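Here's the structure we're looking at; comments come further down.
Since every read-out is calculated from the coordinates, none of them should be taken as a lab result. Just so it is clear, the structure is predicted and the values come from calculations on it, not from any experiment. Neighbour counts run over all protein chains shown; Cβ positions are idealised from the backbone, glycine included.
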Amino acid sequence: MRKTALWALLLGVLSGSAISAKAPFTFDAMMRIARINDPQLSPDGKLVAFTVQTVDMPNNSKPSQIYVVPLDGGSPQQITRDGTMNTRPRWSADSKRIFFVSNRSNPSQIWSMNSDGSDAKLATDVPTGANGVLVSPDGKLLLFTSDVYPSCSASGSVPGIDYDAACNKSKLDAETAGKMHARVYDTLLYRHWTEYQGERRKHLLLQSVDGLGKVRDLTPGNLNTPPFSLSGPEQYAFSPDSTQIAYVSNTDPQLASSTNSDIFTVAAAGGPARRVTNNPGADEGPVYSPDANYLAYRTQNRSGYESDQWRLAILDLQSGQMNTLTDSLDRWVESYTWSPDSKRIFFTIDDHGTSPLLMIPVGGGPIRTIAQGPSSIGSVQFTPDDKAMIYTEQSGSQPVEIKKALSKGGTGIALTHLNDPVLNDFQLTPLEKISVSGTDGAQIESFIVKPPDFNSASKYPALMAIHGGPEGDWGESWSYRWNAQVFAGAGYVVILPNPHGSVGYGQSFTDAVNGDWGGRAYDDLMAIADYVGNLPYVDKSRMVAAGASYGGYMIDWILGHTDRFKALVSHAGVFDLRSDALTTEELWFPKWEFQGLPWENPDLYNKWSPSMYVKNFKTPTLVTHGEMDFRVPIGQGQQLFTSLQEMKVPSTLIQFPDEGHWILKPQNSRFWYGAVIDWLNQYTRPLNGAAAAPGALH
C-alpha cells in the first residue's frame, strides 16, 4: 500500500453545495430523492453494484432496485426490474455474477444474474424464505438467513445438520391456514420493534452456489441466533479460505435484559460452534483480515448498557490474544474495513456530528485521520491493487452518493449523480455550527439550518428539533424522518442541538444523561434557546419545539417546566416512566437509565417522569404516535393527550395504525409532515393578531 500520507490527501475537498436562487425544499421534493445504499465493489475492482430505493407515492411503497456503475466512470445502469424489492447485491468470486435477494419469488429468495442483469436465475428455494446473502471467497457457497422452525432440526443442538424443507413447509402452511391466533409466552422479549415473536427463529443456512446438495443449518437448537436481528455492522462473515464462519449471537437466558452478544465461529462443513469472545458487554461485526490472521470486531465493556463506547478490537486467530486498538480515542467506532495487505484498518467514528475516516495499524499505534470534513463517510472498500477506494458520503444538505478516491491523491470523484436533477431545482442550505455554555461548563454544540433565500435583516420563527436516544446526535447526515431541510423550506430557522447525552463528544458527555433525563440536557436546551432567541434574525416570540422518542420525552418534560415555546410536537415520546418501563420490550434500557425497575428505584422514576408535572401544562401540543410502536408503546402518547385535554390545553392526537416507532410509509409520512408544519404554522405565522393560516388540522 502507498504511504498513508497519500490517502490523507485524497479527500481534500469534501462535498458541499453552493446556494443559488432555487425553490424551497419540500416534502414532495424529498420524495424524489433516490436513496442509494449498500455499494459493493466487485472482486476485480471494475464495477460497483448498489441499491436504489425510490418512492412510489400512488402505491404507497418504496421499491428497491439494483444498479451498477463502472469504477473508471460512466453512467449508473439499473439492472433489475422484476419484483419490487431487489436488495443486497453480492459478487461472485470471479466478478461475473451478482447474487441478490428478491421478492420476485414468494417468499423472497436469493437469485443470481450477470453483471448486466441478464440471465437471472433462482439460487435458493427455501420454504421459509432467504435473506442476507453472502458468497464465500472461493465462490462455492452461499450463506444466508431464514426464519425457520427450530423444532424441525432433528439433531437438536448440533450445527451443520440438514435443513428440513418438508417439515418447515408443513409447519408454515399450518400456521398460515390456522384459525386460532392466540399468542402464548413464558419468557420476555416476546415482541420487538414492530413484530411479535412466533415459533420461528432466525438461523444461518448454507448451501452450494450451484444449488446441488442439501441446505445446512449452522445454528440449530440452543445455538440459534436471536429471534431478532442485532443492530450495527454485518453480523456474520466467511473466513478468507471459506472454511469458517463467524457470527454474532446472544445466548443469555434473559434476552430482554441483556446486551451481551458474543462472536462464535463454526466450520462451514458443520460441527460444534466455538465462542471466541467472552466480554460482558456486546461484541459484534466480525470481519476477517484478508490474510486470515485476525478477526476485527467492535466491542463494549459494560453489560446492559447499549450506549457504552464502541471500541475497535482485534482477535489474533493463532494466539487467541485480543487487543482493543482505540482505547485512546474517546469516540464510538462505527464502520471499518481492512487494507488489502492486512496491515491496517480503516474506520469511521462519530465526532461532533460528522463521520471522518481514520486509520490504525493492526498492531496498534498512532491513529491517523485520512478524510475529515462537514460530512459523513461510510462503506469504505479498497480495490485489490490498493490504488483506489470507494465510499459513500452524505451531509445534512446532501443525500448519499457513491464516490471514489485514488491513492495518488486528489479530491473525491462522484460515481453517482442520481439526485442532481432534484438538487439542481431546490435550495438546500448547509448546516452551520454554534456553541453555547451549558451545565458543568461544557460547550454545547448545535447545528442551524436557515430558510431558503435567507435575509439577515428579517425575523424568522425558530424550530428546535430534539433528537432521540437519548444517546443520539444531530449532524452531517441525511434524514428522511426528520429532515431539517423540509422544515427550513417551510420558513423556519431549524436548531439541531446536541445536549448532554449526545454521542460524538466523549463517553462521559454521553453518560451524563444516565439517571438525569430532565436535568443537564434540559438545562442545555434552555441555554441554547436563550442564545437562539437573541440572534438578530430570530423572533424569540415565535419559537417552537418538536422531538421524537427521547426527544418526545423532552417535549413532555418541557410542557411541565416552561411555557417559553409557542407550540410543541411530541412524537412517540415517553410520558410516564413507570408504565413505559413495564411495557417497552428492551428491558436493559430502563434498567440502566434509571438504575433498576420502578419498584427498585421509585424516587428516580418519580423525579424524571413528565406525568408528575401535568398540572403545569399550558403549551399547545400536537401528539403523534404509531400504534405498532413497541419501543415506546402507544399508551404513552394516549396518556399525554388525555392529560392535555383534561388540562384544557389546545391539543391534537394523531395515531398511525400501521406504523411503529418511526413513520415510514410514504403517504403516512406526507400526512405527518403536513400536520406537523400546519400545527406549528398556526402558532408562529400570525403577527399583530392576524388570523392563523388555514391548514390540514383546523
Where both residues lie in region 429-684, what percent of DSSP beta bridges are antiparallel, nearest 5?
30 percent
Given pairs Lys96/Lys665; Lys22/Lys665; Lys169/Lys665; Lys450/Lys648; Lys96/Lys140 and cut-off 24 Å on Cα-Cα distance, the over-length ones are Lys96/Lys665; Lys22/Lys665; Lys169/Lys665; Lys450/Lys648
Arrange the following residues from fewest to most other Cβ atoms within 10 Å of their Cβ: Tyr67, Tyr149.
Tyr149, Tyr67
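Under the √(5λ) rule applied to the eigenvalues of the Cα gyration tensor, what semi-axes describe the equivalent ellipsoid of the chain? Give them in Å, descending.
Details: eigenvalues 334, 187, 133 Å².
Working through the eigenvalues yields semi-axes of 41, 31, 26 Å.
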May I have the pair-distance distribution P(r) for region 429-684, computed from all Cα-Cα distances with 10 Å bins from 0 and rounded to whole percent?
7, 33, 39, 19, 2, 0
Work from the charge dipole of the chain (Cβ charges, +1 for Lys and Arg, -1 for Asp and Glu, about the Cα centre) and give the residue of Thr583, Thr416, Pro272 farthest towards its positive end.
Thr416
Rounded to the nearest 10, the angle in degrees between the Cα long axis of helix 550-559 and the longest principal axis of the Cα atoms of the chain comes to 10 degrees
Consider all pairwise Cα distances in region 40-157 and report the whole-number % of them above 18 Å.
53 percent
Separation between Cα centres of region 384-406 and region 275-318, rounded to whole Å
26 Å
Taking 2.2 N^0.38 Å as the expected size of a compact globular protein, what ratio does the Cα radius of gyration of region 518-663 give against it, to two decimals?
1.04
May I ask for the angle, rounded to the nearest 10°, between helix 666-684 and the longest principal axis of the chain, with both axes built from Cα atoms and the value confined to 0 to 90°?
20 degrees
To the nearest 10 degrees, how steeply does helix 520-533 sit against the main Cα axis of the chain, on a 0 to 90 scale?
60 degrees
